[in-house]
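As structure tokens, the structure follows; a few thoughts come after it.
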Amino acid sequence: MAVAQPAARAVAAPAPRPWWRGRAGLVVAVVLGIVISYFGWRNDVPWPASLTWNSLAAHLDSFQTWLSDHRNLPHPSIVFRAFNGLASFLDDIVGWLTSFFFKLTWIGTTVLGVLVVLRYGGRRAALGVAAAFAAFAAMGLWEPSVRTFALTFASVALALAIGLPLGVLAGRSDRFARAITPVLDAMQIIPAFAYLMPIVILFSVGPGAAVATTLIYAIPPAIRITALGIRGVQPNTVEAATALGATRLQTLFKVQLPLARRMLLLSVNQTILFALSMVVIAGLIGGQGLGDVVTSGLYSNPALALLAGVAIVIMAIALDRATEAMAIRTDPAHRHLTEGKKRRLRLYTLACAAAVGLAVGLGYAFGAGSVWTGWTGQSWLLRQVQSVLDYVQNPSTFVFHITNPIGNFIVQYGLEPLRTFFVATPWPAMVFGLALIAFLVSGLRPALIVAAMLAVVGVANEWTPAMDTLSQVLVATVLTLAVGIPLGIWAAESERARRGMRPVLDVLQTLPQLVYIIPFIYLMPVSIVPGVMASVLYASPVVIRLVEAGIREVSPNSVEAAGAFGATRAQVLLKVKIPLAREAIMLGVNQGLIMVLAVVVIGGLVGSGALGYDVAQGLQRSLFGQGVLASLAILALGIALDRVTQGRRRRRLGDLA
Amino acid sequence: MKVRAGGLVAAAAVVVVLVTVGSAAARSSACGTVTINEQAWAGSTANTYVVKNVLEKNLGCHVNITKVAEVPVYQAMADGKTDAILEDWGHQPQWDQYVTKQKTVVRAGANGVKGVIGWYIPTYLMKQHPEFKTWKGLKGKETLFKSPESGSQGMFLGGDPSYQQKDQTLIKALGLNLKFVSVGAEPAQVARWTQLYKQKKPVLFYWYDPQYLNATYQVSRIQLPKRFKGCLDDEKLGGDPKKYACEYPSYTLLKFMSKKFASSGSPAVGVVKRFSWSNADQNAVAKMIAGDHMNPDQAAQKWISANKAKVNKWLGK
């Protein structure tokens with residue numbers, strides 16, 4: 001009842017002043033002011049050269065040279081040797097896993113994978129794993145798949161080992177959460193391209209460097225979602241436990257962690273998907289496996305790149321379903337083990353182990369190789385994919401005659417004018433305007449941060465490309481939220497919608513974007529659109545998942561109470577569930593924005609230009625300083641946008657949400 | 001109990017099998033293992049696989065192929081993780097750092113292929129507008145290349161971010177009414193210009209040779225001025241700003257080895273040093289791989305069996 005009351009009050013509240021007299025009206029007025037300044041002084045007031053620090057890039061370049069020179073001395077200092085040790089440790093983990101799977105032979109590897117999942121996850125998940133192995137064999141990608149699996153397994157295990165404890169800490173301590181949030185933002189937003197070269201200098205190339213890069217990107221979601229789960233546990237439950245004399249540790253392990261189980265699962269799931277989404281970038285620094293196939297395929301055999309992309313997706317889905325099934329089956333809350341049952345399970349385990357041994361033995365007896373080299377349907381599959389690509393690449397088809405004008409229209413009348421608006425508006429109008437909006441929406445401190453961030457962008461001599469990128473990021477973020485929030489709510493309300501969406505979301509989060517965006521360019525040959533599309537498709541799954549999990553997490557008591565008062569389903573949703581899931585929805589908004597920024601580089605590779613292109617060029621043409629400055633500009637934009645949108649409530653709620 | 005004991009025996013058997021197999025030693029040969037780095041484009045795949053097959057078939061080497069990106073591969077060579085690269089398009093900062101200063105990477109000569117970079121248009125357009133043979137013909141006709149994103153100007157399609165380019169400077173220096181549109185990585189750029197090519201529309205773009213697509217699409221280069229006021233070469237990339245060079249220089253594609261490999265005494269070192277072939281050779285193999293989707297090893301072997309004389313020269317016979 002206590003929970004339903006505020007909702008009832010909200011229904012009864014009288015309509016306030018008309019919107020244009022409130023804050024919304026003031027925001028519109030500020031926007032109008034910026035527009036007027038655009039028409040009045042278009043291109044007249046570029047960021048002044050006297051306010052830029054031009055030698056910054058050169059300083060960064062010489063830092064990298066210094067690093068490399070000292071690292072490559074015959075006897076490098078202890079710091080570099082420590083990194084060397086770490087690198088060979090990571091190399092060894094991946095190398096050991098890979099050669100372990102190879103030594104099992106392909107039969108042994110398959111049987112091991114299927115039986116482990118069968119024993120702990122059940123029949124359905126095991127069937128999925130078997131199907132995944134069959135797919136790798138049929139696609140002729142067994143060896144790269146095993147290599148990628150070893151790399152992912154090592155990365156996910158390490159990411160969870162680091163991320164879960166930190167997430168618990170962030171969930172229990174506001175101060176720690178506040179301190180770590182900007183670090184996590186930076187880890188997710190700064191494109192891997194910017195730090196790939198320093199990582200290579202410190203870790204050299206190979207699986208070790210690939211794991212390090214993957215960790216930087218995959219740890220943040222593990223921390224954030226775990227913390228959200230811990231915070232989501234009802235405070236009265238925790239109080240009750242404390243009142244009963246539970247210690248802090250007991251409360252954590254017996255109350256908070258078990259009750260946050262669903263969120264913890266989501267965090268494992270997201271860590272796996274984030275790790276797999278780094279496969280291609282890891283390939284650039286010697287990660288081997290499917291990433292290599294994708295990269296070289298893109299240049300000379302797009303059908304093969306697509307096939308390798310599909311293999312990554314299949315691995316993601318199989319891993320995700322298997323971990324979920326294992327987590328549910330081993331949930332102590334749902335397992336009531338009697339002595340007899342325990343004994344039977346133990347026998348089952350032994351039987352499985354024996355079967356794996358038998359399979360390995362058989363593998364050797366029949367001379368099965370370390371990888372599957374028998375029949376594959378690769379050439380048939382490639383022909384099929386190629387015929388689809390041929391259709392897509394043919395400008396005389398009927399589809400092209402629809403998509404081409406649409407693309408031209410969007411660019412000519414939508415994105416291009418918007419880009420010109422952002423780039424050509426006088427900079428003081430932009431800085432003060434955005435800061436003012438941040439002040440109106442979120443308060444004084446966020447406004448100051450926004451102004452400072454924009455100043456950083458200008459001083460780093462990135463004003464024009466940053467405004468260019470900002471215009472595209474805004475469009476992508478708005479679209480992402482417009483797609484993600486409603487779909488997330490729908491998935492929370494309907495089990496069927498959730499099931500239908502889930503594989504699609506897995507595909508979008510793990511299929512390397514270039515693999516599907518490049519064929520799309522043939523259909524819509526214009527710049528910017530492909531980049532915006534890549535961002536929306538990559539960012540919305542995270543929003544959908546967080547919104548869905550948040551709404552499902554709303555305690556059933558509140559929902560029941562509202563129902564008892566006679567609220568309709570729509571009322572329950574709008575007045576109870578969504579307000580109570582606010583924290584998760586806000587995390588969704590924040591993550592949507594971050595994901596959009598995280599793929600700015602991909603945009604640069606498919607025609608968005610601006611900061612993304614500069615970052616890519618920074619790595620590949622060894623303009624380290626340029627890459628770092630462009631990345632910093634992306635980060636600054638991210639922080640500024642986050643502060644503009646965070647709203648007033650956030651200060652009280654702890655920064656993670 | 002009986003079943004359980006059986007399980008234990010089986011488990012023990014697994015362990016025994018694993019240990020036995022694990023200790024089986026790898027085969028060794030005089031040449032040992034050679035690691036060559038392959039780049040994403042088809043030409044690099046072609047020369048990497050031809051050398052790989054020569055080393056494997058003739059010297060009994062075991063050849064590993066890595067696929068590290070262009071710049072990080074220098075650190076890989078410094079660490080001895082990659083032994084050789086066979087096609088480098090010019091990385092002056094890396095040469096200064098790793099070859100000259102640190103001496104962790106050594107030169108292995110030219111690979112015989114001459115690289116050309118420049119401004120290209122489809123040949124059908126060149127036939128319609130013979131004046132486009134030189135850049136002066138472009139003046140006043142830029143709007144022919146108009147696109148939705150270039151507004152009132154003509155569109156110039158920029159190249160892959162990893163490639164050597166200075167087109168924005170050139171456009172400005174030559175005073176052309178062109179808008180530089182960056183279309184991203186090479187596959188994305190190819191999507192853009194081939195789509196216009198197939199519709200027989202005008203398009204002006206950054207392109208290069210040798211490139212296997214040049215066998216499928218007929219493209220012609222626009223002559224840019226050798227020198228022109230305002231063209232400033234980037235000093236950092238080894239250019240001399242006082243020369244006002246406009247046209248891209250032609251590149252001699254180079255090979256590099258790690259110091260460790262070069263001084264290892266492996267017979268493969270000599271092959272890597274002597275390896276050299278022509279643009280036509282490279283294009284032929286690249287076309288088999290990228291155009292006809294042939295397995296790279298098969299394509300390499302096909303070329304090798306048809307070109308015994310060249311291979312023997314690399315082998316020092």
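Residues of region B:50-81 that lose at least 20 Å² of accessible area (1.4 Å probe, protein heavy atoms only) when the other protein chains are present, relative to their chain alone, are B:Lys67, B:Val68, B:Ala69, B:Val71, B:Pro72, B:Gln75, B:Asp79, B:Lys81. Here r is the Cβ-Cβ distance between A:Ser88 and A:Gln234 and R0 is 45 Å; the resulting FRET efficiency, rounded to 0.05, is 0.45. Is the shape of the protein assembly as shown best called rounded, prolate or oblate, per the rule: a/c under 1.5 gives rounded, else a/b larger than b/c gives prolate, else oblate, with a ≥ b ≥ c the square roots of the Cα gyration tensor eigenvalues? Oblate. Taking the chain by itself as reference, region A:587-618 contains these residues with an accessible-area loss of 50 Å² or more in the full protein complex (1.4 Å probe, heavy atoms): A:Leu605, A:Tyr613. Here each label is just a point 7 Å from Cα along the line to Cβ, and for B:Lys114 and B:Ala309 those points are 2.1 nm apart. Residues of region B:160-181 that lose at least 40 Å² of accessible area (1.4 Å probe, protein heavy atoms only) when the other protein chains are present, relative to their chain alone, are B:Pro161, B:Ser162. Amide hydrogen proximity for A:Met278: with H placed 1.01 Å from N in the peptide plane, no residue at 5 or more positions away or on another chain lies under 5 Å. In a fully extended conformation the segment linking B:Lys226 and B:Thr123 would gain 34.9 nm over its present Cα-Cα distance, using 0.36 nm per residue.
What the protein assembly as shown shows is 43 Å² of accessible area per residue, with the surface traced by a 1.4 Å probe over protein heavy atoms. Given all pairs of different Cα atoms, what value in angstroms does the Kirkwood hydrodynamic radius of region A:188-258 take? So the Kirkwood estimate lands at 15.0 Å.
Taking Cβ atoms as reference points and 11 Å as the exclusive limit, the residues near B:Gln153 contribute a net charge of 0, counting Lys and Arg as +1 and Asp and Glu as -1. The eigenvalues of the Cα gyration tensor, multiplied by 5 and square-rooted, give chain B an equivalent ellipsoid with semi-axes of 46, 24, 20 Å from largest to smallest. If you sort the three axes of the alpha carbon gyration tensor as a ≥ b ≥ c, you get a/c of 1.5 or more for region A:312-447 and a/b no higher than b/c, which makes it oblate. With an a/c value of 1.5 or above and a/b not larger than b/c for the gyration tensor axes a ≥ b ≥ c computed over the alpha-carbon atoms, region A:299-369 is described as oblate. Size descriptor for region A:508-557, Kirkwood hydrodynamic radius: 12.7 Å (Cα pairs only, one decimal). The separation of region A:249-311 from region B:289-317, counted between C-alpha centres, amounts to 38 Å. Helices of chain B meeting both criteria, an alpha-carbon length of 30 angstrom or more along the long axis and an average Kyte-Doolittle score not below -0.5, with helices taken as full DSSP H segments, are B:2-23. Computed from the C-beta positions of A:Ala482 and A:Asn557 and an R0 of 25 Å, the FRET efficiency is 0.20 to the nearest 0.05. Along its three principal directions, the equivalent ellipsoid of region A:184-311 from the Cα gyration tensor extends over semi-axes of 40, 16, 11 Å, largest first. Buried between A and B is an accessible area of approximately 5300 Å², summed over both sides with a 1.4 Å probe. The A:Arg175 and B:Lys302 beta-carbon pair, evaluated with R₀ = 56 Å, returns a calculated FRET efficiency of approximately 0.25. Element breakdown for chain A at a 1.4 angstrom probe: carbon and sulfur atoms account for 69% of the accessible area.
Across all directions, the average projected area of the convex hull around the alpha carbons of region B:115-243 is 7.8 nm². Distance from the alpha carbon centroid of region B:178-200 to that of region A:532-587 works out to 43 angstrom.
The values are calculated or read from the model by the stated rules, or taken from the named source; none is laboratory data. What you see is a predicted model, and the numbers here were worked out from it, not measured in a lab. So basically every Cβ, Gly included, is an ideal-geometry build from the backbone, and we count neighbours across all protein chains shown. Just the protein is used for accessible areas: all its heavy atoms, side chains included, with ligands, DNA and RNA removed. Shrake-Rupley method; radii C 1.70, N 1.55, O 1.52, S 1.80 Å.
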